[in-house]
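Structure first, then comments.
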Amino acid sequence: MRTSITRLSLAVKLVLLSAITSSPLIMSNTALADEAKGISDNLEVITITNQRHHSLESSMGYAQGKTSVPDLADWLISVPGANINSNGPITGIAQYRGLYGDRLATSLDGHPVIGAGPNAMDTPLSYSTPLIVDSMTVYRGIAPVSAGINTLGGAIEVKMRKAETMNNTITNVNGDIQVGYRNNNSAKTLSAVTNIAKDNIAVLLYGNSQVGDSMESSNDVVIQPTDFDKVQVGGDIRYSKNANEVGLSYHYTDTNDSGTPALPMDIEYIESHRVTLDGVFSLHEWQGEWQLGYTDADHGMTNFLMRTNDDPSAYRRNNATAETSDFTFELAKEFDFGELSFGIDGYFATHDSVITNPNNMMFEIVNFNNVEDNRYGLFVEWQKQFYQTTVQLGARLKRAESNAGNVSTSMAMMDMDSDMDMSDDMDMSDGMDSDMEMPSMASLASELQNGFNETNRQVSDNNLDIALNTQTILSNNLSISAGIGVKNRAPSYQELYLWTPMESTGGLADGHTYIGDINLKSETAYQLDLGLNYQDDTLMIAPHIFYQSIDDYIQGTSIGMDDMAAKQMATMMAGDTNPLKFSNVDAKLYGFDLNGYYNITNEVQLFTIINYVQGERRDINDNLYRIAPLNGQIQLSYTGQNWMVKTSLVMAAKQTKVSSTNDEQETAGYGVLNVDAQYYVNNDLTLRFGVDNLLDKSYQKHLGGYNRVKGTDVAVMSRLPQEGVSAWAEATYSF
């Protein structure tokens, strides 16, 4: 068992927290803020609306997301500090202030979403669809401990549409129907949702279909494969009376033949069933919430169905499955000394992953076997209003328990000749000495397999998270904010149990193979966030600066002599002469983000977002991998009586501060012009249309990944180009 909080470090953290508590530096809401639920009512959040029922006036200055995009992660581009690691059209990994993946707590209606794929093809945000989303909330700055188990990198909360009771004896039926089309890749969207309510009972039913062909860049190069095909259906039944409510929900995801060109495989299928039971209640002035959830996901991926592979012996199919059970119980009550909230939550997940070759029934690699990833904890939060200052302090005690079954590979019983026929990439000459006597692949595979199976694989971590946020209104127009926190993250199962060199790395997509380390320590981040907000009748501006120092940051590092078998295996199997091992290093991230608007006239508004983050290693002179450069957007909108036109300039500077450890490539800066319009025909019908990349600009996003697909017009391991000019249109009818 490992505990990351020592007595000395805990004392230092509590002293720092006490100092901030007595400080006049405090936090405020911006015009983009929306009320968060429960204890976090006064925390600064960015709530992204889905444009479904908002008037033109209420849309001004607010973050918004299109309801016809295939990936819900695309909504994050309108949030200061947020970004997307894009490995495919429906495989966007949320990033906030340079941190991504398991470091962010991403929840759907309070339920953590654990994907089946070890390479994050089925990201948490892919398990929903925009039309059935009511809102997406991103906590700005340091997320409260109640927002999730792993909030080291922040928290994103997606609120799904639920059945709405009407308390009326007459049956009420309402809903939305939407169609959308995008010409660049012939993408089509068809969505429908309906709510049926009578008395205290309501039923919500929905369905969504999204398909598209491969995109084309500005020079007519087809970006293969970027096809996608995703269907999601489900429903919610809810009973509500007085202050009590109980609901049962079911959600089904069916994804087929969807490309991920930044990864070594594409999606063959994803089938997921999610069942949730939840409720709210009031008991002796206590307000309570509870949730139970279960998800069963089955995910197949291949390197031969959607991309060219001329070597049948190198065909690979990976079947990955995951089962997750989760729970939450929370109580809150107002006292004279403030509002107090207690909660317990957690999840229990199992993972399996087996790699085969359909052309050779003898070939098999058990990548992950009966991996257990269990995380749970207790939290308490206190919030109090002192005149114009609100203080919120929370602490979470959490535990992570992991274990894994024995692994195996058929290569351990092969001789060298047969091994060479089975390899993925047979080029062994690069970086190897011709006079070096290499051991056989069978002996290497056997050494790695037996070494893993003979190791005690049961590990656990106890951690303590603390977060303090304050907000103070200095005047009618000005407010200031401060937040400080200590957050931890236990290693993921990939970082612990990746026993043979693979790219099952949670979507890192740097082109390297990795091995794990069972002895990894938890990451510990010391965080600071300072913000200022000014708002009057015409102007709003809200800049934030942030800094965090992370001890034991988990990062791939070059493999040493102790793992020479893994290095030799990586060279022989994948031609990777620089495989990496998940290791604990020291890191820091710092920067600023800003959002604001200026009402030039009653009809004309200027809106802007600016983001900058720098990630660096503290132990060596290097940068962190996959950090976006200085970027932002400027939007000019004109609002008429029942229509609005917006012109957006999306910009990014060149990125030269790249990770040499990950052999990361630099990227050039760019500016892309987008135009879109909305026309409200009446209260029921809304039309939206526009053109993205209006000037057909050729560019690459730094977070867009490298091409891993052979036989296309894009060179292997070169930066993936982005979509060229694309016109789109969508219509939403409400009834």
ask   = So which residues in the stretch 300-329 are within 30 Å of LEU277 (Cβ to Cβ), open to solvent by less than 40 Å² (accessible area, probe 1.4 Å) and either acidic (Asp, Glu) or in a helix (DSSP H, G or I) (or both), if there are any at all?
value = ASP326
query = Before we move on, is ASN519 within 24 Å of TYR96 (Cβ to Cβ) and polar (S, T, N, Q)?
reply = no
request  = Scan the stretch 278-317 residue by residue and report those that are within 18 Å of ASP373 (Cβ to Cβ) and not aliphatic (A, V, I, L, M).
outcome  = GLY293, TYR294, THR295, ASP296, ASP298, HIS299
inquiry  = Just to be sure I understand the filter: pairs with C-beta atoms under 6 Å, separated by 6 or more residues or on different chains, first member in the stretch 226-242 and within 28 Å of ASN303 (Cα to Cα), second member among the polar types (S, T, N, Q) and not in a strand (DSSP E or B). Which pairs pass?
reply    = THR226/SER214; ASP227/SER214; GLN232/THR129
message = Looking at ILE156, ILE77, ILE90, can you tell me which residue is of a type in the set (Val, Ile, Thr) and surrounded by fewer than 23 Cβ atoms within 10 Å (Cβ to Cβ)?
response = ILE77
query = Looking only at the stretch 198-223, which residues are outside any strand (DSSP E or B) and either of a type in the set (D, E, K, R) or buried (at least 22 other Cβ atoms within 10 Å of the Cβ) (or both)?
reply = ASP199, ASP213, SER217, ASP220
Enumerated strands (runs of 3 or more DSSP E) restricted to the stretch 626-735, each holding at least 2 residues that are within 24 Å of the chain's Cα centre (by Cα) and among the hydrophobic types (A, V, I, L, M, F, W, C) = 643-652
message = Among the residues that make up the stretch 113-120, is at least one of them open to solvent by less than 10 Å² (accessible area, probe 1.4 Å), β-branched (Val, Ile, Thr) and part of a loop (DSSP other than H, G, I, E, B)?
response = no
inquiry  = If I filter the stretch 127-134 for residues that are part of a loop (DSSP other than H, G, I, E, B) and under 18 Å from the mean Cα position of the chain (by Cα), do I get at least one hit?
reply    = yes
The stretch 224-276, subset over 20 Å from PHE304 (Cβ atoms) and part of a loop (DSSP other than H, G, I, E, B), residue most open to solvent (accessible area, probe 1.4 Å) = ASN242
ask   = In this structure, is MET361 more than 24 Å from GLY300 (Cα to Cα) and either modelled with pLDDT of 95 or more or open to solvent by 30 Å² or more (accessible area, probe 1.4 Å) (or both)?
value = no
remark   = Residue count, the stretch 332-348, condition outside any strand (DSSP E or B) and crowded, with 19+ Cβ neighbours inside 10 Å, comes to 0
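The values are calculated or read from the model by the stated rules, or taken from the named source; none is laboratory data. Note that the structure is predicted; figures quoted are calculated from it, not measured. Cβ coordinates were reconstructed from backbone atoms using ideal geometry, including for glycine residues, and neighbour counts include every protein chain displayed. Only protein heavy atoms, including side chains, enter the accessible area calculation; ligands, DNA and RNA are left aside. Shrake-Rupley method; radii C 1.70, N 1.55, O 1.52, S 1.80 Å.
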